[in-house]
Amino acid sequence: MRVKVAEHAGYCYGVERALKLTLEALNRLPKPICTLGPLIHNPQVVDSLEEKGVRAVSTLDEIDAGTVIVRTHGVDSRVIEEAKERGLRVVDATCPFVKKAQRCAAQLVAEGYHLVVVGERDHPEVIGILAHSGEGALVVERVEDLSNLEDVQRAGVVVQTTQSEENLKKIVSELLSVVGEVKIFNTVCDATANRQKAAVQLAREVDVMLVVGGKNSANTTRLAQLCRQINPRTHHVETPSEIDPQWFFKDAFVGVTAGASTPDWILKKVAAKLATLS
Ligand code: SF4
């Protein structure tokens, strides 16, 4: 078996920054240290943070003292204000790329555009973007969702940072056919675009493709979807224990990529497991 890891795989800038801020908070800020929702969408990393004393909570009501960390996806700015009013220390680990999407959405609304957010309605990042842009925005996950767009003359588009550019292009192309004026901020982040391009390229070359990362991670799931379109022998695994030796044939060429929230140590364990199958 031959194994090749994609050129861009694993932790992105935003995740590394959030982890760094969290570990710094553990050392020097008031305890307990809580994150609003899991810090990143990787259960193994969240478990290891919990062992160090970082607890994930769903709402501010579960915290009565200490420090609260806002994760990379961001939140409604009113939540940050409320945390401060409650006397909590706030560490804002919202990824700067997500903040840019929030700012672009607010700008489009201020300029009078009907806001269209390309992304997943229930994803925390999209919920945060909507919170920064008032009411009335339309969330579009796929082209068909545009049928919910009311009669608008000017539409302004922002994108969940982990969407595929391919999906964005399809939606924008359809939007241009129904709305007279469309202003677009392509807020797909570089880390996402680079991982997707490298993964798709590798999926073309190999016999079997492994995508490593949280099953609850939007960007990892999207990587697996994109790879599967190119190479049906694509498998999304969270840990090496999920790897089934029957996926591989003798002398198979195997590609490995990982989502932006997948740590290096899980990638190394996957490589070690593959080495035992060679
Ligand atoms: S995937 Fe992009 S937007 Fe999301 S945390 Fe990483 S760098 Fe930031």
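None of the figures in this text is laboratory data; all of them are computed from the coordinates on show. Just so it is clear, the structure is predicted and the values come from calculations on it, not from any experiment. With ideal geometry, Cβ positions are generated from the backbone for all residues, glycine too; neighbour counts draw on all protein chains shown.
Observations on the model:
- Dipole magnitude for the chain: about 980 debye, using +1 per Lys or Arg Cβ and -1 per Asp or Glu Cβ, origin at the Cα centre.
- Whether the stretch 129-278 is rounded, prolate or oblate, judged on the alpha carbon gyration tensor where a/c under 1.5 counts as rounded: prolate
- Distance from the stretch 19-62 to the stretch 104-122 (C-alpha centre basis), Å: 30
- The stretch 134-177, dipole about Cα centre (Lys/Arg Cβ +1, Asp/Glu Cβ -1), debye to the nearest 20: 180
- Value of relative contact order over the chain, rounded to a whole percent, pairs C-alpha under 8 Å and six or more apart: 22
- Each part gets one Cα centre, and for the stretch 74-101 versus the stretch 152-198 those centres are 26 Å apart.
- Taking every DSSP helix (H) stretch of at least 4 residues in the chain, weighting each as -39,500 (n - 2.57) and dividing the sum by the residue count yields a mean residue ellipticity at 222 nm of -13000 deg cm²/dmol.
- GNM flexibility winner over the chain from Arg142, Arg28, Arg233 (Cα, springs under 10 Å): Arg28
- Label point distance in nm, Leu149-Thr239, each placed 7 Å from Cα along Cα→Cβ: 4.5
- Taking the Cα centre of the stretch 97-188 as origin and assigning +1 to Lys and Arg Cβ atoms and -1 to Asp and Glu Cβ atoms, the resulting dipole is close to 400 debye.
- Under 26 Å of direct C-alpha separation, and excluding same-chain neighbours fewer than eight residues apart, Lys269 reaches these lysines: Lys4, Lys20, Lys52, Lys197, Lys215, Lys250.
- Between Ala131 and Glu50, the contour length at 0.36 nm per residue exceeds the alpha carbon distance by 26.3 nm.
- Taking the number of Cβ atoms within 10 Å of each Cβ as an exposure proxy, the fewest-first ranking of Val254, Val211, Val3 is Val3, Val254, Val211.
- Candidates Val3, Asn194, His114 compared by Cα position along the dipole of the chain: farthest toward the positive end lies Val3, with charges placed on Cβ.
- Stretching the chain fully between Ser173 and Gln246 yields a gain of 22.1 nm (0.36 nm per residue, less the alpha carbon separation).
- Shape of the stretch 1-83, Cα gyration tensor, a/c cut at 1.5: prolate
- As a calculated quantity, the FRET efficiency between Ala272 and Ser58 at R0 = 25 Å, using C-beta atoms, amounts to about 0.10.
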